[in-house]
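In what follows, a single structure is set out as structure tokens and then discussed.
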Amino acid sequence: MFDVHVHAAPDVIDRIGYDDQICAQYAAEGFSGFVLKGHQESTVGRAKALARASGLDVVGGIALNRPVGGINPAAVAATLHSGGRVIWFPTADAHTQESAGLPRLSDLQPRLNRSTLSTPPVLAADDVQLRSIYLVLDLIAEFDAVLCTGHLSTAECRWLFDEAGKRGITRFLLTHPSYTVPAMSVAEIAELADRGAYVEITAYQLWHQPGMTEALLAGVARAAGDRLILSSDAGQPNSPQPPLALKELIERLASQGLDSSWLQASASDNPRKLVLS
């Protein structure tokens, strides 16, 4: 199995374990690798060190939040040239994060302002902002990297998908689209999946998303079809260990009548193809 979404310490908030401890858990559970995500910094160096030490396929990337300069082409170029594979558009600093009252760095450090990030059509972008966004997309296309929508709104995800398509980006992942942010409907998810977007469902949603149920997630899985990606998004002290969280997600979706072999492929073959093939 291969988990495309996991968090580990060091981080600005508490995590269930440090990089090496989390990596050891994946090795013990027989995973081939995972993608290490951080909301505040590039994880490429940490992932490369873990891969060398463990022999697993550990992949890093960068989330385009304020600590890395926002939607910053220089940060993306540095990430990709040093071997990063995954670029998340704004997450913790997306405007949706603020409006939903979800955690932000400025909660820990009130002297920071609460400005947020967005893309068209929410952002009335000037030429400089648009050039930065377009250059980020061009870099992702040139490196054949993975574009993840982060916590952008549904309208922004749709805009980003259209712009990515114009540039030949084929590795496009809707980051937990049924989560509180962006709260896409099943119909909206199905439409984008039919057009080629990969669709992520996370184990985190089972434990931490108000109102989410196995039945609702099963409906999202059906809408995703062969574009389904199952991940843990774990690493929180009050979640199971990340590899166990992903295995439990598969079990609980299977209890809704979904095909187990399809679910297993959505946590192994599909994510490896998305990130590595």
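Sequence-ordered 3J(HN,Hα) estimates for region 191-204 from the Karplus curve with 6.51, -1.76 and 1.60 and θ = phi - 60° stand at 4, 5, 5, 4, 8, x, 6, 7, 10, 9, 10, 10, 5, 3 Hz, glycine and proline given as x. For region 212-229, 3J(HN,Hα) computed residue by residue from phi via the Karplus equation (6.51, -1.76, 1.60; θ = phi - 60°) reads 7, 10, 4, 5, 5, 5, 5, x, 5, 4, 4, 5, 6, x, 7, 9, 6, 10 Hz, glycine and proline entered as x. Near the amide H of Leu117, within less than 5 Å, lie the amide hydrogens of Ala94, His95, all on another chain or at least 5 residues away, with H placed in the peptide plane. Exposure check, 1.4 Å probe, all protein chains in place: Glu142 carries approximately 140 Å² of accessible surface.
Listed values for region 8-14 are Karplus-derived 3J(HN,Hα) couplings in whole Hz (6.51 cos²θ - 1.76 cosθ + 1.60, θ = phi - 60°), namely 8, 7, x, 8, 7, 10, 5, and x replaces Gly and Pro. Considering only alpha-carbon pairs that sit under 8 angstrom and 6 or more positions apart, the relative contact order computed for region 174-226 is 43 percent.
Shown here is the pair-distance distribution of region 36-118: with all Cα-Cα distances grouped in 10 Å bins from zero up to the longest one, the shares run 19, 44, 27, 10, 0 percent. Over region 1-121, what is the mean sequence separation of C-alpha contacts under 8 Å (at least six apart), divided by residue count, expressed as relative contact order in percent? This gives 18 percent for region 1-121.
On the principal axes of its alpha-carbon atoms, the chain has extents of 49, 41, 37 Å, going from largest to smallest. Remark: accessible surface ordering of Arg66, Arg114, Arg227 (largest first) is Arg114, Arg66, Arg227, probe radius 1.4 Å. Mean separation of Cα pairs under 8 Å and 6 or more residues apart, divided by the residue count, gives the chain a relative contact order of 19 percent. The alpha carbon radius of gyration of region 192-277, expressed as a multiple of 2.2 N^0.38 Å, is 1.03.
Scaled to the globular estimate 2.2 N^0.38 Å, the Cα spread of region 77-129, given as radius of gyration, is 1.38. Cα centroid separation, region 231-277 to region 106-173: 26 Å.
The values are calculated or read from the model by the stated rules, or taken from the named source; none is laboratory data. Keep in mind the model is a prediction, meaning the values are calculated, not measured. Surface accessibility is based on the protein's heavy atoms, side chains included, excluding ligands, DNA and RNA. Shrake-Rupley method; radii C 1.70, N 1.55, O 1.52, S 1.80 Å.
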